[in-house]
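The values are calculated or read from the model by the stated rules, or taken from the named source; none is laboratory data. Computed from a predicted structure; not experimentally measured. We place every Cβ from the backbone using ideal geometry, glycine too, and count neighbours over all the protein chains shown.
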Amino acid sequence: MSTGDDLVHWLRLASAPGLGAERQRSLLAAFGLPAHIFGAGRSALTGVVGAEAADAVLAPPRADWLERALAWAAEPDSHVLTLADDGYPRALLDIADPPVLLYVKGDPALLQKPALAIVGARTATAQGEANAEAFARALAAQGFTIVSGLALGIDAAAHRGALGAGRAAGGTVAVIGTGIDRIYPARNAALAREIAAAGAIVSELPLGTPPLAHNFPRRNRLIAGLAQGVLVVEAALNSGSLITARLATEGGREVFAIPGSIHSPLARGCHRLIRDGAKLVETAEDVVEELRGRLGWPAAAATKTPRARPAARPAVASTPALQAPLALDDEAARVLRLIGHDPVDIDTLAPRCGLTVDALYAILLPLELDGHLARLPGGRFQRT
């Protein structure tokens, strides 16, 4: 990892306003190390990246920002990896636009391990989150580092599942779309601390960068690039997860998707991916089977793979008392049976059950509190 004056030059290059990774790499290709870039004259830089970019490179950095970045790099478990470092993730060297610099909080060695990205909807269903957590735990136990984006919903569930597999497992990496010193969303601050302690948080953005919308699609290319494959758990047709899947395909990675109900908007993105050639998966073994050849793992490894299937119910309904059918009275059991396994709204369910909306709500609320069903966006319900 770069240190001293060398690190100062790398930080200046990576944070030059409006320069962009492509121009940064053009300058490195033309002049070598950042110290040589800053030692070149304006006319030489202009010949490579143009006058405006040359002025951005040569503009002195804000002293307070540079001091803060150097102080952060000196903290325990804080690392700055550059393209010139042996510890820079080899997988990112294969993508079209690798960042010249990465900020890493936690264990940078995880960036070199076999990895699988798990992504999906922020407004995920309870079932989707349970599936993401179960797959992540099983695949981390198999030795995969689970990569995701620290967003609400599927991302957070995947990180929790990987952490739940224990420190001897593959661990988890969160690639964020803000500066490494900022956590977004704030609701995941506690989870971020767990990841920094037992895994790694990664950002290519300068310290202090706020959560700007255009940075998150850029972040997705790193999620796809760090992994050998991408598993999409739930996604709408306009989901950013489909961007990650497309980038994975363009980078020669495998894409996997878990199918869902034909009536669920959050299954349509997965179904489109499957129609376009993504691998339909039902167990963690399905993923390992596809990636074994890419990783050079022997066929015998399959016998050790936990056969994680889409979770039968969310973790909140894990106690025997909540699982027991006898805990439901006849009317509640009948309503639960009539809901079926697809999401359904209250106006559709009421005539199906032969009940008024008020009477139906009186039955649905205890079922929801006991974990027998989940409330979805749009006022819909789904059995768990």
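Output yes when any residue across the range 166-188 is among the aromatic types (Phe, Trp, Tyr) and over 17 Å from residue 136 (Cα atoms), and no when none is.
Yes, some residue in the range 166-188 is among the aromatic types (Phe, Trp, Tyr) and over 17 Å from residue 136 (Cα atoms).
Could you check the range 57-83 and list, in sequence order, the residues that are buried (at least 16 other Cβ atoms within 10 Å of the Cβ) and not in a helix (DSSP H, G or I)?
61, 78, 79, 80, 81, 82, 83
Results for (1) in contact with a helix residue (DSSP H, G or I) (Cβ under 9 Å, 6 or more places away or on another chain); (2) of a type in the set (S, T, N, Q); (3) closer than 21 Å to residue 73 by Cα, shown as yes or no for each residue.
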residue: 113; (1), (2), (3): no, no, no
residue: 116; (1), (2), (3): yes, no, no
residue: 161; (1), (2), (3): yes, no, no
residue: 174; (1), (2), (3): yes, no, yes
residue: 179; (1), (2), (3): no, no, yes
residue: 189; (1), (2), (3): no, no, yes
residue: 202; (1), (2), (3): yes, no, yes
residue: 206; (1), (2), (3): yes, no, yes
residue: 214; (1), (2), (3): no, no, no
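Do you know which of the residues in the range 1-50 that are among the basic types (Lys, Arg) and closer than 19 Å to residue 88 by Cα is surrounded by the fewest Cβ atoms within 10 Å (Cβ to Cβ)?
For the range 1-50, the residue satisfying everything is 25.
Residues are listed down the side, and each one gets a yes or a no for (1) out of contact with any His (no Cβ under 6 Å at 6 or more places or on another chain); (2) modelled with pLDDT of 95 or more; (3) farther than 14 Å from residue 202 by Cα; (4) not aliphatic (A, V, I, L, M):
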site: 72; (1), (2), (3), (4): yes, yes, no, yes
site: 81; (1), (2), (3), (4): yes, yes, no, no
site: 95; (1), (2), (3), (4): yes, no, yes, no
site: 120; (1), (2), (3), (4): yes, yes, yes, yes
site: 126; (1), (2), (3), (4): yes, no, yes, no
site: 151; (1), (2), (3), (4): yes, yes, no, no
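Working only within the range 1-56, note down all residues that are under 24 Å from residue 96 (Cα atoms), over 32 Å from the mean Cα position of the chain (by Cα) and not in a helix (DSSP H, G or I).
Within the range 1-56, 32, 50 qualify.
Evaluate the range 134-141: report whether one residue or more is over 28 Å from residue 261 (Cα atoms) and assigned by TED's automatic domain parsing to the domain that holds residue 292.
yes
Assess whether residue 81 counts as being in contact with a Leu (Cβ under 6 Å, 6 or more places away or on another chain) and either of a type in the set (Asp, Glu) or outside the structural domain of residue 5 (by TED's automatic domain parsing) (or both).
Criteria met by residue 81.
Inspect all residues belonging to the range 86-100 and state whether any of them is farther than 24 Å from residue 29 by Cβ and charged (D, E, K, R).
No: the range 86-100 contains no residue that is farther than 24 Å from residue 29 by Cβ and charged (D, E, K, R).
Considering the range 370-384 alone, what residues qualify as being buried (at least 16 other Cβ atoms within 10 Å of the Cβ) and touching a Phe, Trp or Tyr at 6+ places or on another chain (Cβ under 9 Å)?
Across the range 370-384, the qualifying residues are 373, 374.
Looking for something within 19 Å of residue 129 (Cβ to Cβ), among the small types (Gly, Ala, Ser) and in a helix (DSSP H, G or I) - is there at least one such residue anywhere in the range 163-170?
Yes; the residues of the range 163-170 include at least one that is within 19 Å of residue 129 (Cβ to Cβ), among the small types (Gly, Ala, Ser) and in a helix (DSSP H, G or I).
From 224, 235, grab the single residue that is in contact with a strand residue (DSSP E or B) (Cβ under 6 Å, 6 or more places away or on another chain) and not charged (D, E, K, R).
Being in contact with a strand residue (DSSP E or B) (Cβ under 6 Å, 6 or more places away or on another chain) and not charged (D, E, K, R) holds for just one of 224, 235, which is 224.
All but one of (1) in contact with a strand residue (DSSP E or B) (Cβ under 8 Å, 6 or more places away or on another chain); (2) modelled with pLDDT of 95 or more; (3) closer than 25 Å to residue 164 by Cβ; (4) not polar (S, T, N, Q) hold for residue 193, so report the exception by its number.
If we test residue 193 against (1) in contact with a strand residue (DSSP E or B) (Cβ under 8 Å, 6 or more places away or on another chain); (2) modelled with pLDDT of 95 or more; (3) closer than 25 Å to residue 164 by Cβ; (4) not polar (S, T, N, Q), just (1) comes out false.
Within the range 323-369, take every residue that is crowded, with 18+ Cβ neighbours inside 10 Å and not in a helix (DSSP H, G or I) and give me the one that is nearest to the chain's Cα centre (by Cα).
343
Quickly run through the range 246-260 and pick out the residues that are under 23 Å from residue 376 (Cβ atoms), surrounded by 17 or more Cβ atoms within 10 Å (Cβ to Cβ) and touching a strand residue (DSSP E or B) at 6+ places or on another chain (Cβ under 8 Å).
Listed by number, the residues that qualify are 257, 258.
Within the range 193-215, which residues are in a helix (DSSP H, G or I) and within 20 Å of residue 99 (Cβ to Cβ)?
Hits for the range 193-215 are 195, 196, 215.
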